[in-house]
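The values are calculated or read from the model by the stated rules, or taken from the named source; none is laboratory data. Everything numeric here is computed off the predicted structure, so don't read it as measured data. For neighbour counting, all protein chains shown are included, and Cβ atoms are generated from backbone atoms with ideal geometry for every residue, glycine included. The protein model used for the area step is the full one, side chains on, heavy atoms only, and it has no ligands, DNA or RNA in it. Shrake-Rupley method; radii C 1.70, N 1.55, O 1.52, S 1.80 Å.
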Amino acid sequence: MHTLTSTADTVTAIPGMLGYIPAESVVAVLLRHGYLHVIGNAGAAQMTSAGLDQFVSLALAEETDTAFVVAVAGTHATTAIDYAHAVTAKMAAAGLEIAATVHTPALTEGTRWTDLGTGRTGDIGDPYSHPTALARLHSLGFPIAPNREAVENLFTAVDPVAELAAAEQATISDRDHGAKVLRELADTITGYTHPTPDLTARTIAFALADRRCRDALLGLTTVGTGAGRVLTEIANRARGAARIELLTVAAVVLYAIGNTPAANIAINRAHDEAAATGTEIPTLLELMTTALMTSLPPSGLQRTVRFGAEVAHTEYGIAFDA
């Protein structure tokens, strides 16, 4: 974890934590014992009383003790600043120490920030070279996105892959065939490569074969933080129930490693697919939706991840590093 040294350091760290550069929003940077621990973000649509409660729930669930609240807004600065003050008051009432409440028109290098409590000002550093951004590039394999829309585009469906022949689908969950799928997925994650069309088709069939196959995919979280990216790329070439299941598994992976914004997008796209195709919402999707709405700590998913790794080992002889 990164130790924050100043208000300027904190504001500059935000894009690296979120994975994109926010705009017209309010961000809460939450610390535990001086270390950057978790971050919450509310866009214009989330600036509600319920959003205030979610900020506090996140802070308390993660056992954080200090908050920086940052209004990032130019066009709607007054609205964002008012909401930032409301977030500050709510968190202070919950017992958190408020390090600063800040406004900046944009999170770009050289832009001026202002401490709304003291009037002190300073310049934002380079978000792309901040330690949080470099850590993200190293662990996830991709840099900060220019905005949230760019992150959402990572979850957009593309041309579907050709389905496996019926005979292959019938045997995909067998021990040998399933082990081959899991092994190749692990190699793709650790090798920072993209899933081939063949692996994509076999993974889609594997995810739908039965519940133990889906559960085994959850164990990929322990292989590397790039598991969310690989599963998302596969989900984007699936449709219906398979896309829903794979997006949900990707959401578990992303949330477990602390990438809450991406996990939220994955869950929303899974619900969109269910509505568009008339597919019943699976239990895991319901549970993940609740986890995100109630700000369940990412650490709360470790049991689910370990279970997935155990299924992969017991059913398919694959030992992920759980």
- request: Would you mind checking which residues have amide H under 5 Å from T111's amide H? H placed 1.01 Å from N; only 5 or more apart, or other chain.
  value: I124
- line: With Rg from the Cα atoms and Rh as the Kirkwood inverse mean 1/r over Cα pairs, region 10-111 has an Rg/Rh of 0.93
message: If I take R0 = 25 Å and measure r between the Cβ atoms of T290 and R212 in this structure, what FRET efficiency does the formula 1/(1 + (r/R0)^6) give, to the nearest 0.05?
response: 0.60
field: Amide H contacts of D65 (H built 1.01 Å from N, under 5 Å, at least 5 apart or other chain)
entry: L31, R32, H33
field: J(HN,Hα) series, region 200-207, from Karplus relation 6.51 cos²θ - 1.76 cosθ + 1.60, nearest Hz, glycine and proline x
entry: 4, 5, 5, 5, 4, 5, 5, 4
statement: Taking Cα atoms only, helix 260-277 is inclined relative to the longest principal axis of the chain by an angle, in degrees rounded to 10, of 50 degrees
query: Of the accessible area of region 38-172, with the probe set at 1.4 angstrom, what percent is carbon plus sulfur?
result: 56 percent
message: Under 10 Å, Cα contacts only: if you run a Gaussian network model on the chain, which one of T118, T193, T12 comes out with the highest mean-square fluctuation?
response: T118
- line: For the chain, the longest principal axis of the Cα atoms and the Cα long axis of helix 302-316 enclose an angle in degrees, to the nearest 10, of 20 degrees
task: Any chance you could check the Cα centroid distance between region 1-44 and region 179-236 for me, in angstrom?
output: 31 Å
3J(HN,Hα) from dihedral phi, region 54-70, Karplus parametrisation 6.51/-1.76/1.60, rounded to Hz, x for glycine, proline: 5, 4, 5, 4, 4, 4, 6, 5, 8, 6, 7, 10, 9, 9, 9, 10, 10
message: Which order do the peptides 260-273, 15-28 come out in when sorted by mean C-beta neighbours inside 10 angstrom, highest first?
response: 15-28, 260-273
query: Between Y192 and E310, what length comes free when the chain is fully extended (0.36 nm per residue of separation minus the Cα-Cα distance, one decimal in nm)?
result: 40.1 nm
message: Can you give the Rg/Rh ratio of the chain, where Rg is from the C-alpha atoms and Rh is the Kirkwood radius?
response: 1.01
Length released on extending from S57 to A44, taking residue separation times 0.36 nm less the Cα-Cα span: 2.7 nm
task: List, in order, the whole-Hz ³J(HN,Hα) value for each residue of region 239-247 obtained from phi through the Karplus relation with A = 6.51, B = -1.76, C = 1.60 and θ = phi - 60°; use x for Gly and Pro.
output: 9, x, 4, 5, 5, 4, 4, 6, 5
Percent antiparallel among DSSP beta bridges (both partners in the chain, rounded to 5): 70 percent
query: Highest GNM mean-square fluctuation, the chain, Cα pairs closer than 10 Å: which of G240, G226, G40?
result: G240
field: Gain in span if fully extended, A170 to R303, counting 0.36 nm per residue against the direct Cα distance
entry: 44.8 nm
- line: Note to self: C-alpha centroids of region 281-317 and region 140-169 sit apart, in Å, by 21 Å
